[in-house]
Amino acid sequence: MKKLKMLGYTSFLALALLPTAQAFAHGVSGSDAHTIAEDVGTIEKLFDFFILGAKHMLVGYDHLLFILGVVFLLAGFRDVVKYITYFTLGHSITLIFATLMGITFNYHIVDAIIGLSILYKGYDNLFNVKKKFNIPFDTKWIIFGFGLVHGFGLSTRLQALDLPRENLLAYIISFNIGVEVGQIIALAVFVWILNRARKGKHFEPFKNYTNQFLIGAGIFLFIIGMAKGLMG
């Protein structure tokens, strides 16, 4: 009963903060579109795509929440690298190939599935999904699978721009490198905070409230994504 009450509080907090998060959503802004459309040299445009990728990751609250969930219980540097590598491979594959081949989908539905990935990680950190449901394969492959979805989300946003056809692969890779740099910056902050939190006396309630917030945020992002996707 107590856990349900705590989940209710943190879910309410997620709902309260969600409109603020939406204001900083990682969609394609007019300035981004203008920057990419500018007629500049190849090197300058590669740099523009790199900056766009880093910016996209650092303001992409859904990607950031999922990454936080992935590393939350990982105390060892090797484990962090291992799990994030699976996620990186997943989102790099779909980002590069879907954009290059022009494969698109309703990005609101993709965002809804990304919301489910956040819900999953919050729930997994609290209840150990693999053990609870007897999942026969390694959790890292689940992270990889959700990485494919996150990469598709990045691709659909990128394809909303008027992408140049010449040197397109180079620009996509530059964007992807920017995404990885943004991810490393976010990871460094998350790992530092979590390592400090583990040394304190209140890590257990911090873990419970944070992951319940992830569950609440994931539920609401799923509902909003599905509603917008079905109405659009």
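Read-outs throughout are calculated quantities, based only on the coordinates presented, and are distinct from any laboratory measurement. If you're wondering where the values come from, they're calculated on a predicted model, not measured in any experiment. Heads up, the Cβs are rebuilt from the backbone with ideal geometry, glycines too, and the neighbour counts pull from every protein chain shown.
Computed over the Cα atoms, what is the radius of gyration of the chain divided by 2.2 N^0.38 Å, N being its residue count?
Values: Rg = 18.1 Å, N = 232, 2.2 N^0.38 = 17.4 Å.
Rounded to two decimals, the normalised Rg is 1.04.
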Over the stretch 44-231, what is the relative contact order in whole percent, taking alpha-carbon pairs under 8 Å and six or more residues apart?
-> 44 percent
Where does each of 60-71, 195-206 land if you order them by average Cβ count within 10 Å, highest first?
-> 60-71, 195-206
F105 and E38 label points (each 7 Å along its Cα→Cβ direction) are spaced in nm at 3.4 nm
Please give, to one decimal in nm, the separation of the simple spin-label points placed at V59 and L73, each 7 Å out from Cα toward the Cβ.
-> 3.4 nm
Compare T156, T42, T85 in a GNM of the chain, Cα atoms joined below 10 Å, and give the one with the largest fluctuation.
-> T42
Virtual spin-label span in nm between M231 and K199, 7 Å along Cα→Cβ | 4.8 nm
So, in the stretch 44-231, how many Lys pairs have Cα atoms under 13 Å apart, if the pair is 8 or more places apart or on different chains?
-> 6
